[in-house]
Each structure stands twice: as structure tokens, then as C-alpha cells.
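Below: the structure, in C-alpha cells.
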Amino acid sequence: MNADLERLIELEKVDRDIARLSDEVATLPKRVAAIEAHLADDKAAVEKAKGAIKANEAARRKLEADIQAFQQKIVKYREQSSSVKTNDEYRALMHEVQFAEKAISGCEDKILELMIALEDEEKSLKTAEMELKAEAAAVEKEKAEAHTRTAEDEAQLQVHSQKRQELRSGVGESALAHYDRVMRQRKTAIAEAREQKCQACFVMVRPQTWQEIRANDKIITCSSCGRILFYDPAHEPAPEPSKKKAKVRAAEPEAEAGAVEQDKAPAETTPAQ
């Protein structure tokens with residue numbers, strides 16, 4: 001195979017690997033962000049549970065303050081009741097005392113409800129924290145794997161970049177310039193020719209050009225897409241059995257059968273003179 005052609009085929013493989021590895025390295029920040037986004041729901045669940053507990057505690061503190069305020073009013077009303085001069089004033093004060101006592105009872109009922117709800121909220125918080133912890137561990141493991149993979153990609157990139165330079169330095173300027181130009185335009189610059197077609201654009205090549213491509217001894221480009229063409233004998237279709245030979249083989253048994261029949265026929269005799 002032509003030396004430039006052989007190097008260019010290998011160069012495109014290396015360029016393809018470099019592009020893939022570069023894309024993987026470049027997407028690391030987005031990949032890590034996507035991984036960390038998995039924690040968003042679990043973090044939100046924890047914060048929601050904590051918020052519910054804080055709201056519960058705040059509501060109970062307010063109810064306890066209300067109870068204390070109503071208790072102070074009851075003390076005040078009872079003190080005032082000892083100095084009133086009429087029954088109407090006394091009944092009015094007692095009515096206020098009853099109202100305050102009823103309010104206290106209502107506050108105590110609400111506090112009890114909040115304390116029961118607090119048990120469920122604390123369980124929810126515990127569950128959310130456990131789920132967050134498990135998810136965080138999984139995320140950290142996945143992030144570590146992503147960083148490890150990226151480090152491996154970067155190491156491979158260095159090897160491939162060095163190999164790329166070696167390959168490019170061994171290719172003729174004209175062939176290399178054509179390769180670079182087609183790569184920029186079409187992302188691939190090499191194409192296999194098979195069954196007299198370019199396997200990139202599937203345009204037929206001329207018979208004479210096809211014979212030259214099969215030789216693999218010079219740089220030949222596709223007249224349609226401009227890619228550099230090469231031939232791989234491994235993809236050559238298996239030859240079909242010759243019909244002529246098949247007919248000959250089929251005729252052989254018939255010839256043999258005729259010869260046997262001829263041997264069996266009686267010999268001709270010449271009458272006596």
C-alpha cells in the first residue's frame with residue numbers, strides 16, 4: 001500500500017479518537033452538574049421537612065404565649081371581680097373569664113395536634129436525610145468515576161496527539177493538505193471503495209479508476225465528495241461458481257453413461273465371402 005495512504009488511514013482513526021476524547025473531557029463540568037442535580041430533589045425534601053418542623057415549633061410557641069396571655073387575663077378579671085359593685089359587672093367579668101378559659105382549652109388542643117404532627121414530621125425528616133445521605137454517597141462515587149475517566153481520557157489524548165504528530169510528519173504536503181481540507185468540510189477525509197462505489201457518498205467510480213484504487217499504490221480521491229479512497233481486499237465478495245464449469249461437470253456423467261452403453265452394444269460382423 002502507498003505509504004501516504006496507509007498513514008492517512010491511520011491518521012483519520014487517531015483524529016477520530018482525539019475528537020471523541022476531547023468531547024468527553026470538555027463535557028466533564030456539565031456531566032458533574034447533571035450528577036449533582038440528582039441530589040436536588042432529596043435536598044429539597046430535607047429542607048421541606050425541616051421547614052415543617054420549624055413551622056410546627058413556631059406555632060406551638062405562639063399558642064403557648066397565647067395561653068399565658070389568657071391566663072394573665074383570668075387573674076386580672078378575678079381580681080377585678082372582688083371590687084365590682086353590681087351583679088351585671090360581676091357577670092360580665094365571669095363571662096370574660098369563661099371566654100379566656102375556653103380559648104386556653106382550644107390552644108391546648110391545637111398544641112396537642114401539633115405535637116402529634118411533629119412526630120410524623122420528624123420521621124419524614126429522618127427518612128429524607130437517610131435518602132439524601134445514600135444519594136450523596138452514590139453521587140460522590142459517580143463523580144469520582146467521572147473524574148477518573150476524564151484523567152484517563154486526558155492521558156490517552158497525550159498519547160494520541162503524539163502519534164498524530166508522528167503520522168502527519170510522514171505524509172507528503174500535498175496529500176496532507178487535501179486531507180485537512182476535506183476533514184474541515186466533511187468531518188471525514190478517508191473512505192473505503194467497495195463494489196466500485198465510494199462508501200461515503202455511494203457514487204460509482206470509473207472502471208479505470210476502480211482498478212487504480214484496487215492497487216492501493218497512490219492517492220486517489222472521489223470525484224464526488226473529495227474523500228481519499230482505499231481498497232480493502234477483506235471486503236471483496238466471494239467469487240460465484242463458474243456456470244461454464246458447472247455445465248461441464250454436469251455433462252461428464254452423461255458422457256460416461258454413453259460410453260458404458262457403447263461397450264454393452266454387440267460388435268458388428270462381416271459376412272463370409
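The values are calculated or read from the model by the stated rules, or taken from the named source; none is laboratory data. This is a predicted model, so every value here is computed, not measured. Here the Cβ positions follow ideal geometry from the backbone for every residue, glycine too, while neighbour counts run over all protein chains shown.
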Report summary line: When restricted to Ser124, Ser105, the only residue touching a residue at least 40 places away in the same chain (Cβ under 8 Å) and small (Gly, Ala, Ser) is Ser124
**Report entry** Lone qualifier among Glu195, Glu236 - being out of contact with any Pro (no Cβ under 8 Å at 6 or more places or on another chain) and modelled with pLDDT under 95
**Finding:** Glu236
Report summary line: If we keep only residues of region 185-206 that are touching a helix residue (DSSP H, G or I) at 6+ places or on another chain (Cβ under 9 Å) and small (Gly, Ala, Ser), then the residue surrounded by the fewest Cβ atoms within 10 Å (Cβ to Cβ) is Ala200
Query - Residues of region 187-198 satisfying the condition of being touching a residue at least 24 places away in the same chain (Cβ under 8 Å) and either touching a strand residue (DSSP E or B) at 6+ places or on another chain (Cβ under 7 Å) or outside any loop (DSSP other than H, G, I, E, B) (or both) - result: Ala189, Ile190, Ala191, Glu192, Ala193, Arg194, Cys198
Query - Some residue of region 248-267 being at pLDDT 55 or above and either of a type in the set (S, T, N, Q) or assigned to a loop (DSSP other than H, G, I, E, B) (or both) - result: no
Requested in this report: Would you please name the residue that is nearest to the chain's Cα centre (by Cα), looking only at residues in region 199-230 that are among the charged types (D, E, K, R) and part of a helix (DSSP H, G or I)?
Outcome: Arg214
**Report entry** Complete set of residues in region 134-186 that are β-branched (Val, Ile, Thr), closer than 23 Å to Ser22 by Cα and in contact (Cβ under 8 Å) with a residue 60 or more places away in the chain
**Finding:** Thr150
